[in-house]
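In what follows, a single structure is set out as structure tokens and then discussed.
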Number of protein chains: 2
Amino acid sequence: MSWTLTAADLPDLARGATLLGTGGGGDPYIGTKLVERVLGDGAITILDPDELPDDLFVIPTAQMGAPTVMIEKIPAGTEPTLALRTLEKHIGRRADATMPIECGGINSMIPLIVAAETGLPVVDADGMGRAFPELSMETFAVYGVHGSPLALSGERGETVVIDTGDDDRQMEWLARGVTIRLGGVSHIAEYAMTGADVKRTAVPRTLSMALALGRAIRRARDAHTSPVQAIVDTLAPTLYSEVRELFVGKVSDVERRTTEGFAKGSAVIASLDPGDDDHLDIAFQNENLVARRGGEVVAIVPDLICVVDMETCEPVTTEGLRYGQRVRVLGISTPEMMRTPAALAAFGPRAFGLDEPFIPVEARQYA
Amino acid sequence: MSWTLTAADLPDLARGATLLGTGGGGDPYIGTKLVERVLGDGAITILDPDELPDDLFVIPTAQMGAPTVMIEKIPAGTEPTLALRTLEKHIGRRADATMPIECGGINSMIPLIVAAETGLPVVDADGMGRAFPELSMETFAVYGVHGSPLALSGERGETVVIDTGDDDRQMEWLARGVTIRLGGVSHIAEYAMTGADVKRTAVPRTLSMALALGRAIRRARDAHTSPVQAIVDTLAPTLYSEVRELFVGKVSDVERRTTEGFAKGSAVIASLDPGDDDHLDIAFQNENLVARRGGEVVAIVPDLICVVDMETCEPVTTEGLRYGQRVRVLGISTPEMMRTPAALAAFGPRAFGLDEPFIPVEARQYA
């Protein structure tokens, strides 16, 4: 069912989107401020993907770059709509709606900025079902919609249109090169598709799920009940039904560098018991990729590895990891359409240079 | 006067274009082979710039990249026309003619490939009056025509359209980033302009001048007369009327690296007399930028610094410099429109990070 989003929903949406960002996706807090400024007292229509007319023309919009740069380089706010308009002009067709390409982090907010500016509705779906670091890691591409032509905009009004045909990895490679030269952040419009394409290729209702997660965590805190249980209960009826607590501990080491347009690194979560050397290692490329306990994989992409504050369940991004933080690490199952062989080829462990096979987080045994 | 070019002209044109490349611009020999293949027994119409209708629509075409990569990565031949067609589609107007953006090196040939493929005529003019390493170093830009929108194509059919408004340096920066990610070479169409713009902003008749230079050198060799004198006599009635022999010697040192999309380095030309430590130092970024003798500048950009074989006057590119080669180094004056304060700001010594002021090659005294 379609619904209406107002500025009052933004803090909850930001919290849920940060959780689904699995450490990456950029900080959506800045995004909420940009949406608020344009939206004011207005409202945004959110379209249910199942109800889209087959010939609706949808142009997704997003921000591209390393989250570590995104939080230092605040967009003017007009860039994403410029990217959309540039792609419309290139294709020769106006968009009927926009949509997120990923539901984690700041990219849950960018289509809302475009919607607030243009009056377009936003489709409640996305192409990553979480956050991923590269533009080619999309269920859209896995199920036959390609990213080209892509339009990209910079903060000084620069526009770039990239067309690599069916080669979404080459599109990512060239767009990343431009983004680096624009200072590390750009805004993009890509994966233009019809309503029929959305139904076939998108992960459905992830925007409403992010909002529901953020709201459930807040209400549990207010009611002094368990926010972790609230996450479990919120996800149970969704495509993300399995939640596992992988570890509880404190951040004892973080190594992070911004390189080749990405934030890459690793973190160690140590046991809270000083005498216990049990610990969890997390490796990330913008997003958390794999969690290992005692050298053994306990969760791996594309399943979600989410670090949250131990008490409040506030999600912690990779750039927010600080020595001594007490955290819980949650593993969350991704939808089946993200675990097919074709999907795993696009964004499974090997796509990130990891040698371990994908094993669903719910299939593992824990001590 | 307009004239007709055939395949028989290509070897002379290549020789003259290599001379005007001042060490850079890429090896036009590969370009002649590509033109020959498409042109066959056909002919290309070369338009005199003074005779262009004011509303003629001209889209210049070129290759972009480091010459050191260009000679290893042979284009398929279809890329420059793809760049032209992409820009035509973006602008919404078909080109009436193409034109070189630089008259030195391979970029004297690229518009000929486009002409042979499309049947378009080529304007006998360019925007550098020689070769320069960056897309913003154009008399077009100095006199008010900007490079954007620029269309760029890759060997796998990728296309990129870049629009940075009036900011030609930002256009160069982004296009260079894409070119590096395409492996170091791309093909471009940019600086779309009218016939009136050509008359106001282009260096006229440089294509015919390159052909005349190449032909004069060949004929002098055949007649056993001095090829250096042939160069002097050919240039005397042109906008490049002053020629100075800066040094005669042998290459004793070459340092060259391909970095940031450019071939950068330096060469030392030592005296032929073993007891004499007199020598000439040349610094280059794709093209030769400055020649110093005993630490004293004897020629500097935008004047031409040309290294040629001591006997045959065959031009030697920076990537062709070899230890022990016996060479002459010539300094050639550039047209007045390339020496104005606005022109020197775009491609004078400071644009290359050189501290010395521009002094015309003909104004210097030699020992």
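Here, each number is a calculation from the coordinates, and none is a lab measurement. Since the model is a prediction, treat every value here as computed from it, not as a measurement. Reconstructed Cβ throughout: ideal geometry from the backbone, glycine too, with neighbour counts over all protein chains shown.
The table for this structure:
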{"quantity": "Nearest 10 degrees, 0 to 90: helix B:10-20 Cα axis against chain B principal axis", "calculated": "60 degrees"}
{"quantity": "0 to 90° range, to nearest 10: angle between helix B:28-39 axis and chain B longest Cα axis", "calculated": "30 degrees"}
{"quantity": "Spatially proximal lysines relative to A:Lys89 (Cα-Cα < 23 Å; intrachain offsets below 8 disregarded)", "calculated": "B:Lys89"}
{"quantity": "Under 23 Å from the Cα of B:Lys250 - lysines, other chains or at least 8 residues apart", "calculated": "B:Lys264"}
{"quantity": "Most fluctuating residue given options B:Pro237, B:Pro204, B:Pro60, as computed from a GNM of chain B linking Cα atoms under 10 Å", "calculated": "B:Pro237"}
{"quantity": "Helix-only [θ]222 nm of chain B, DSSP H runs n ≥ 4, -39500 (n - 2.57) each, per residue, nearest 500", "calculated": "-8500 deg cm²/dmol"}
{"quantity": "Footprinting exposure proxy for A:Val203, A:Val123 (fewest neighbouring C-beta atoms within 10 Å first)", "calculated": "A:Val203, A:Val123"}
{"quantity": "Kirkwood-Stokes translational diffusion coefficient of the protein assembly as shown, alpha-carbon pairs, 20 °C, 1.002 mPa s, µm²/s", "calculated": "76 µm²/s"}
{"quantity": "Whole-Hz couplings from phi, Karplus 6.51/-1.76/1.60, listed for region B:150-165; x for Gly and Pro", "calculated": "10, 10, 10, 10, x, 6, 9, x, 5, 10, 9, 10, 10, 10, 10, x"}
{"quantity": "Cα convex hull volume per residue for region A:328-367 (Å³)", "calculated": "93 Å³"}
{"quantity": "Top positive-direction residue, dipole computed over chain A with Cβ charges, set A:Thr179, A:Leu135, A:Tyr191", "calculated": "A:Thr179"}
{"quantity": "Equivalent ellipsoid, region B:1-130 (semi-axes from 5 times Cα gyration tensor eigenvalues, Å)", "calculated": "21, 17, 15"}
{"quantity": "Square roots of five times the Cα gyration tensor eigenvalues for region A:190-329, Å", "calculated": "28, 21, 14"}
{"quantity": "Residue (of A:Met310, A:Val268, A:Phe347) at the positive-pole extreme of region A:240-357, dipole from beta-carbon charges", "calculated": "A:Phe347"}
{"quantity": "Point-charge dipole on Cβ atoms (K/R +1, D/E -1) for region A:3-204, about Cα centre, debye to 20", "calculated": "540 debye"}
{"quantity": "Cα gyration tensor shape for region A:231-312, rounded if a/c is under 1.5, else prolate or oblate", "calculated": "oblate"}
{"quantity": "Distant-in-sequence amide H partners of A:Phe247 (H built 1.01 Å from N, under 5 Å)", "calculated": "A:Val329"}
{"quantity": "Isotropic mean projected area of the C-alpha convex hull, chain B (nm²)", "calculated": "16.7 nm²"}
{"quantity": "P(r) weight above 24 Å for region A:123-221, C-alpha pairs, percent", "calculated": "32 percent"}
{"quantity": "Computed magnitude of the charge dipole of chain B (debye, nearest 20; Cβ of K, R +1, Cβ of D, E -1)", "calculated": "500 debye"}
{"quantity": "The protein assembly as shown - charge dipole about Cα centre, Lys and Arg +1 at Cβ, Asp and Glu -1, debye rounded to 20", "calculated": "260 debye"}
{"quantity": "Region A:74-168, relative contact order [Cα under 8 Å, separation at least 6], %", "calculated": "30 percent"}
{"quantity": "Farthest positive-ward along the protein assembly as shown dipole, Cα basis, beta-carbon charges - from A:Ile74, A:Val254, B:His224", "calculated": "A:Val254"}
{"quantity": "Helix B:79-91 vs. chain B, principal-axis angle (Cα, 0 to 90°, nearest 10)", "calculated": "50 degrees"}
{"quantity": "Hz values of 3J(HN,Hα) by residue in region B:333-349 - Karplus curve (6.51, -1.76, 1.60), Gly and Pro given as x", "calculated": "6, 8, x, 4, 5, 9, 10, 5, x, 5, 5, 5, 5, 7, 8, x, x"}
{"quantity": "For B:Gly129, residues with placed amide H under 5 Å, excluding near neighbours", "calculated": "B:Cys103, B:Val203"}
{"quantity": "Mean separation of Cα contacts under 8 Å (6+ apart) over length of region B:184-271, as relative contact order %", "calculated": "17 percent"}
{"quantity": "Neighbour-count order for A:Val35, A:Val316, A:Val160, fewest beta carbons within 10 angstrom listed first", "calculated": "A:Val316, A:Val35, A:Val160"}
{"quantity": "Cα gyration tensor, region B:72-164 - rounded (a/c under 1.5), prolate or oblate", "calculated": "rounded"}
{"quantity": "FRET efficiency, A:Ala8 to A:Asp48 (Cβ-Cβ, R0 25 Å, nearest 0.05)", "calculated": "0.75"}
{"quantity": "Top of B:Leu84, B:Leu235, B:Leu272 by mean-square fluctuation, Gaussian network on chain B, Cα under 10 Å", "calculated": "B:Leu272"}
{"quantity": "Most mobile of A:Leu152, A:Leu211, A:Leu304 in a GNM of chain A (Cα contacts under 10 Å)", "calculated": "A:Leu211"}
{"quantity": "Number of partner chain Cβ atoms within 10 Å, mean per residue of A:171-177", "calculated": "4"}
{"quantity": "Efficiency of FRET between A:Ala196 and A:Lys89 - r from beta-carbon atoms, R0 35 angstrom, step 0.05", "calculated": "0.90"}
{"quantity": "Region A:268-358: C-alpha gyration tensor shape, a/c 1.5 cut-off, then a/b vs b/c", "calculated": "prolate"}
